[in-house]
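Engineer: Just dropping this structure here.
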Amino acid sequence: MLNFCTLFNTNYLARGLALYESLEKNCSSFHLYVYAFDDASYDCLKKLNYPHLTPVAMKEWEDEAILAVKPTRSMAEYCWTSTATILRYSITHYNLESCTYLDADLYFYSDPQVLFDEIADNSVAISSHRYTPIYDQSVTSGIYCVQFMFFRNDERGMRVLNWWRDRCIEWCFARYEDGKFGDQKYLDNWPSQFEGVHVFKHRGEGLAPWNIQQSEPGLENGQLTITEISTGKKWNAIYFHFHGVKFFTDQQVALCGTLYEFSKDQVALFYFPYLNRLLEIEAALKAKGFTLNSNGATQPAPGKASILVQFLKERLLNIKMGKASPFHFKMYNFSRHNHYYSLNQIR
């Protein structure tokens with residue numbers, strides 16, 4: 001059986017339930033341990049009582065070391081600080097042979113068993129960002145992404161996990177400082193620093209806004225695929241990381257700000273079905289009597305002027321950091337790309 005863990009609060013509840021559903025569709029045997037970061041999401045998960053899901057309240061796993069730094073971290077920073085701790089708790093408390101951390105905004109399209117076969121006898125497995133060159137943030141955000149991380153309950157796996165937990169408790173903030181960024185930059189040297197660390201090679205793994213430009217998506221007999229533009233090689237899509245999706249109170253949704261560019265096929269095959277599923281989950285929760293803000297909408301979408309300012313800032317920052325050339329900036333046609341959609345457009 002595959003054992004997974006994730007964490008989220010009420011604002012990501014629909015995303016977390018979509019993740020669970022996608023695992024249920026694609027895994028023959030799995031269990032998901034959900035670390036609920038507020039009482040409302042914990043209570044909801046308990047009442048839903050899904051067969052392959054165990055909700056875990058914060059009071060169950062927070063120990064003295066992590067509680068000591070909690071007041072010094074923002075909510076996002078505390079989530080990052082906690083990732084290694086919930087992995088360790090899952091392994092030790094539930095006596096698991098291994099556990100894989102998943103970000104709550106992942107969605108699976110095929111059986112991830114191929115990734116576990118790739119791990120073989122290694123004790124740790126991590127996922128590369130595989131940035132599209134103009135979006136390369138490896139220096140500041142890390143070579144690897146904390147999104148799908150496997151740890152085996154053996155000496156090598158626990159050595160890495162305990163080291164990572166200690167570092168995150170010492171320092172885990174939403175800024176780049178002295179070669180560190182959140183919980184993520186700590187991973188940069190793991191393949192050379194520790195024994196038994198594997199970096200995934202399957203190109204259908206770790207699909208995300210920062211790398212999808214390198215592939216053309218397709219649909220074959222109901223299976224979502226990607227074809228690498230550089231090699232022409234086709235892969236089954238394993239999972240997509242929907243980082244940056246944001247709903248607004250005026251029936252607008254942002255795919256991922258204005259930084260990343262997507263083709264019409266990428267939007268139609270990945271984003272629109274996912275966004276529709278989140279809306280369906282939200283409606284289903286309301287129909288069951290849950291009055292939760294399960295998609296996290298708290299404010300109206302920014303106006304066109306604000307979006308344009310955001311776009312200009314992001315592009316100029318990319319040029320300044322050497323991630324995009326002034327030529328690329330000049331050639332970009334802002335009016336041609338949709339970054340924000342009304343909910344009526346995606347249905």
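The values are calculated or read from the model by the stated rules, or taken from the named source; none is laboratory data. Please read these numbers as outputs of a predicted model, since none were measured by experiment. So basically every Cβ, Gly included, is an ideal-geometry build from the backbone, and we count neighbours across all protein chains shown. Please note that ligands, DNA and RNA were not included when accessible areas were found on the heavy atoms of the full protein model with its side chains. Shrake-Rupley method; radii C 1.70, N 1.55, O 1.52, S 1.80 Å.
Engineer: For the range 118-229, which whole-number percentage of the solvent-accessible area (1.4 Å probe, protein heavy atoms only) is attributable to carbon and sulfur atoms? Spell out each step's value before the answer.
Structural biologist: On the way: 2080 of 4430 Å².
Carbon plus sulfur share of accessible area: 47 percent.
Engineer: Still on this structure, I have one more. Which percent of the accessible area of the range 24-73 is formed by carbon and sulfur heavy atoms (probe 1.4 angstrom)?
Structural biologist: Exposed carbon and sulfur together represent 48 percent of the surface.
Engineer: Volume per residue, Å³, of the convex hull around the alpha-carbon atoms of the range 194-285?
Structural biologist: 166
Engineer: What are the semi-axes of the equivalent ellipsoid for the range 143-250, taken as the square roots of 5 times the Cα gyration tensor eigenvalues, largest first, in whole Å?
Structural biologist: Largest first, the range 143-250 gives 30, 20, 13 Å.
Engineer: Would you work out which of C27, S82, Y109 lies farthest towards the positive end of the dipole of the range 1-119, given +1 charges on the beta-carbon of Lys and Arg and -1 on that of Asp and Glu, about the Cα centre?
Structural biologist: The one lying farthest along the dipole's positive direction is S82.
Engineer: Cα-Cα over 31 Å: which of K25/K246; K47/K264; K47/K70? List each step's numbers first, then the result.
Structural biologist: Values: K25/K246 25 Å; K47/K264 39 Å; K47/K70 28 Å.
From the list (K25/K246; K47/K264; K47/K70), the Cα-Cα distance tops 31 Å for K47/K264.
Engineer: Could you state the number of Å between the C-alpha centres of the range 67-101 and the range 104-163?
Structural biologist: Using only Cα atoms to place each centre, the spacing works out to 16 Å.
Engineer: If you take every residue apart from T54 with its C-beta less than 11 Å away from the C-beta of T54, what net charge results, scoring Lys and Arg +1 and Asp and Glu -1?
Structural biologist: On the way: positive: K46; negative: E60.
Surrounding charge for T54 is 0.
Engineer: Further question on the same structure: So, R0 is 22 Å and r is the distance between the beta-carbons of E118 and E220; what FRET efficiency does that work out to, to 0.05?
Structural biologist: Result of the calculation: an efficiency of 0.50.
Engineer: Based on the Cβ-Cβ distance from S263 to H243, what FRET efficiency comes out when R0 is 22 Å, to the nearest 0.05? Kindly include the intermediate steps, with their values, before the conclusion.
Structural biologist: Numbers: r = 18 Å, r/R0 = 0.81.
Using R0 = 22 Å, I get an efficiency of 0.80.
Engineer: Give the residue from V253, Y42, N293 lying farthest towards the positive end of the charge dipole for the chain; charges sit on Cβ (+1 for Lys and Arg, -1 for Asp and Glu) and the dipole is referred to the Cα centre.
Structural biologist: V253
Engineer: For a quick check: with amide H placed at 1.01 Å from N, whose amide H comes under 5 Å from R73's, ignoring anything fewer than 5 positions away on the same chain?
Structural biologist: Amide H neighbours of R73: none.
Engineer: Might you report the magnitude of the Cβ-based charge dipole of the chain about its Cα centre, with Lys and Arg at +1 and Asp and Glu at -1, to the nearest 20 debye?
Structural biologist: Around 1120 debye, computed over the chain.
Engineer: Return one whole number: the accessible area per residue of the chain in Å², for a 1.4 Å probe. It would help to have the intermediate numbers written out before the result.
Structural biologist: On the way: 15390 Å² over 347 residues.
Heavy-atom SASA per residue in the chain reads 44 Å².
Engineer: Next up: Based on alpha-carbon positions alone, could you give the equivalent ellipsoid semi-axes of the range 96-173 from the gyration tensor, as √(5λ), descending, whole Å?
Structural biologist: Listed largest to smallest, the semi-axes of the range 96-173 are 22, 20, 12 Å.
Engineer: Once the Cα atoms of the chain are picked out, what are the Rg and Dmax in Å?
Structural biologist: Looking at the chain, its Cα Rg and Dmax stand at 19.8, 56 Å.
Engineer: In 5 Å bins starting at zero, report the fraction of Cα pairs in the range 1-157 per bin as a rounded %.
Structural biologist: Distribution as computed: 2, 8, 17, 20, 22, 17, 10, 4, 1, 0 percent.
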